[in-house]
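Down below is the structure, laid out as structure tokens.
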Amino acid sequence: MRKLVIAISMLAFTGAAASADPIADRQALMKERGKLVGTLSKVVKGEQAFDAAAVLDALKGLEANAEKFDTEALFPVGSEQGRDTTAAPKIWEDKAGFNAAEDKFLADVKAAVAAPPADVDALKGPFGTIAKDCGACHQTYRIKKG
């Protein structure tokens, strides 16, 4: 399962990177991130059975995703405008804060991978931290649709 998640992640990112479209590239990474967080969320909510290997695979997938998240390449000046982007101007106004938010996310995911949860209760703490990282970043650096 882990190899499958990583392979899909690499293929999705490679295809997006070839397009040289930073908006599409960052959207692909965020979509992948959302799917992985969604998988973990289902486990935490009890909608999916806890499987230690699958949870670790999802956490490792998040780690790989976050390691590919190059803010300079994905958010160059000028890419704040354009088709269907929900990236807030705050990203370019506060690049240091945006980078710090992404660094925190990566550190929290790495911590979860380093101490893999043995059951759903052990997953709840790290997942809560990761989810808060996502929410805080979206609150500040993402424009809400509609």
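Read-outs throughout are calculated quantities, based only on the coordinates presented, and are distinct from any laboratory measurement. Since the structure is predicted, the reported quantities are computational estimates derived from the model, not experimental observations. Quick reminder, even Gly has a Cβ in these numbers, built from the backbone with ideal geometry, and neighbours come from all protein chains shown.
Among the listed pairs 45/124; 45/68; 35/90; 90/110; 68/145, those whose Cα-Cα separation exceeds 18 Å are 45/68; 35/90; 90/110; 68/145. Relative contact order of the range 2-141: 29 percent, from C-alpha pairs under 8 Å at least 6 residues apart in sequence. When the range 2-141 is described by a simple charge dipole with +1 on each Lys and Arg Cβ and -1 on each Asp and Glu Cβ, the residue from 91, 43, 77 located farthest towards its positive end is 43.
By the helix-only formula, in which each DSSP H run with n ≥ 4 contributes -39500 (n - 2.57) and the sum is divided by residues, the chain has a 222 nm mean residue ellipticity of -24000 deg cm²/dmol.
Could you tell me which of rounded, prolate or oblate describes the chain, using a ≥ b ≥ c as the square roots of the eigenvalues of the alpha-carbon gyration tensor, with rounded for a/c under 1.5 and, failing that, prolate when a/b is larger than b/c and oblate otherwise? Judged from the Cα gyration tensor, the chain comes out prolate (a/c at least 1.5, a/b above b/c). Around the Cα centre of the range 2-141, unit charges on the Cβ atoms of Lys, Arg, Asp and Glu (plus for the first two, minus for the last two) sum to a dipole of about 280 debye. Hydrophobic long helices, here whole DSSP H runs in the chain with Kyte-Doolittle means of at least -0.5 and Cα atoms spread over 27 Å or more along the helix axis, are found at 22-44, 95-114, 120-141. Projection of the Cα convex hull of the range 48-114, averaged over all directions and equal to a quarter of that hull's surface, yields 5.9 nm².
At full extension, residue 107 and residue 73 could sit 10.2 nm farther apart than now, given 0.36 nm per residue minus the alpha carbon distance.
Ranked for footprinting exposure by Cβ neighbours inside 10 Å, fewest first, 56, 123 give 56, 123.
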